[in-house]
Amino acid sequence: MKFFLKIALIVPFVFVYIGFNSFTLNEDLKDFKAIHITNTWEVPQKTGEHITFTRSPDLIYSNNYTILREPYKVTNTYVKINNSGQEVPDPMRPATLEIRYRYFISKKGEKYGVCYNSISDSTGKIYPLDSLIKDFLHFPSLFYYGRGKGKDSIKFIKDYKNGYLTEIITNRKMSERDPDSSYFYFRKKPLDYSFLIKDKRSDNMYLYKAVIIFNHIPKADLINNVSEEKTKFKHSFELKEVDVPDKENLKILIKKFKRSSEGK
């Protein structure tokens, strides 16, 4: 009788222990991975200078979830009440720039998910996350077109030992809108996500970085809208494996998404 009593006490403990450890594993996000995406565009101005636009989200994923965490800037303006009772900018407290994050989350492999403009949002909006990720990954392909045409000059830098390949493409300018040189960086060992190019390579190399350089824009170039004879700018794109960021907020996000998916 004592033997069966011990079994009756031990079995619930085992299930509680297993359940606790499974919960902890999930809560610690140990099965999650992350890739940092950097897409940087330099846009020439009439002065001959350029301004830079960067979108640099973190793509975080597991066997169950896909999450995109994208930073955005918010300007905080401080005000005071003047003698007329009106709100006016406070000259003693200049505006500050704050970095916040927008979160997109979906179940793994699904096209649609939910967008939360901040982690404090109680509800989100349905969003085509699959399409958004593809948008971030396709930009280098805009400059990979026309490769192999007669005017191309292609140089290969091969590192077979470590599984890397660089393609340097020059003299490809069909018009003034084309780059002067393009650098495409490939690796043999794929990341879980790679930049998308139209045709699969026969050597099974995967694109993880690209740098597109423009050396010269004519003064009369109306498309790029510059008044200087020369200006140099570039676009760059890179994928890099990183540690999973922002874990505490990700836990909150997943719980929130679960509740919304279950209609609670």
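The values are calculated or read from the model by the stated rules, or taken from the named source; none is laboratory data. Just so we're clear, the structure is a prediction, and the values are computed from it rather than from any experiment. Note that we place each Cβ from the backbone using ideal geometry, even for glycine, and neighbour counts take in every protein chain shown. Calculation scope for accessible area: heavy atoms of the full protein, side chains included, ligands and nucleic acids excluded. Shrake-Rupley method; radii C 1.70, N 1.55, O 1.52, S 1.80 Å.
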**Asked** From the set of residues in region 193-212 that are in contact (Cβ under 8 Å) with a residue 40 or more places away in the chain and assigned to a loop (DSSP other than H, G, I, E, B), which is farthest from residue 39 (Cα to Cα)?
**Response** 205
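Can you tell which of 135, 159, 178 is acidic (Asp, Glu) and more than 26 Å from residue 43 (Cα to Cα)?
159
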**Fill in**
Turns out the strands (runs of 3 or more DSSP E) fully within region 1-116 with at least 3 residues that are surrounded by 10 or more Cβ atoms within 10 Å (Cβ to Cβ), among the polar types (S, T, N, Q) and at pLDDT 85 or above are 33-44
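Among the residues in region 129-139, are any open to solvent by 90 Å² or more (accessible area, probe 1.4 Å) and more than 17 Å from the chain's Cα centre (by Cα)?
So far as region 129-139 goes, no, none of its residues is open to solvent by 90 Å² or more (accessible area, probe 1.4 Å) and more than 17 Å from the chain's Cα centre (by Cα).
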**Item:** Residues that are open to solvent by 30 Å² or more (accessible area, probe 1.4 Å) and aromatic (Phe, Trp, Tyr), drawn from region 180-210
**Value:** 183, 185, 193, 206, 208
**Complete:** Scanning region 117-130 for residues that are in contact with a strand residue (DSSP E or B) (Cβ under 6 Å, 6 or more places away or on another chain), part of a loop (DSSP other than H, G, I, E, B) and touching a residue at least 24 places away in the same chain (Cβ under 8 Å) gives 124
**Leading residue by the ranking (least open to solvent (accessible area, probe 1.4 Å)) among those in region 153-179 that are of a type in the set (S, T, N, Q) and part of a strand (DSSP E or B)** = 166
**Request:** Might you let me know whether region 213-224 holds any residue that is more than 25 Å from residue 52 (Cα to Cα), modelled with pLDDT of 85 or more and out of contact with any Phe, Trp or Tyr (no Cβ under 6 Å at 6 or more places or on another chain)?
**Result:** no
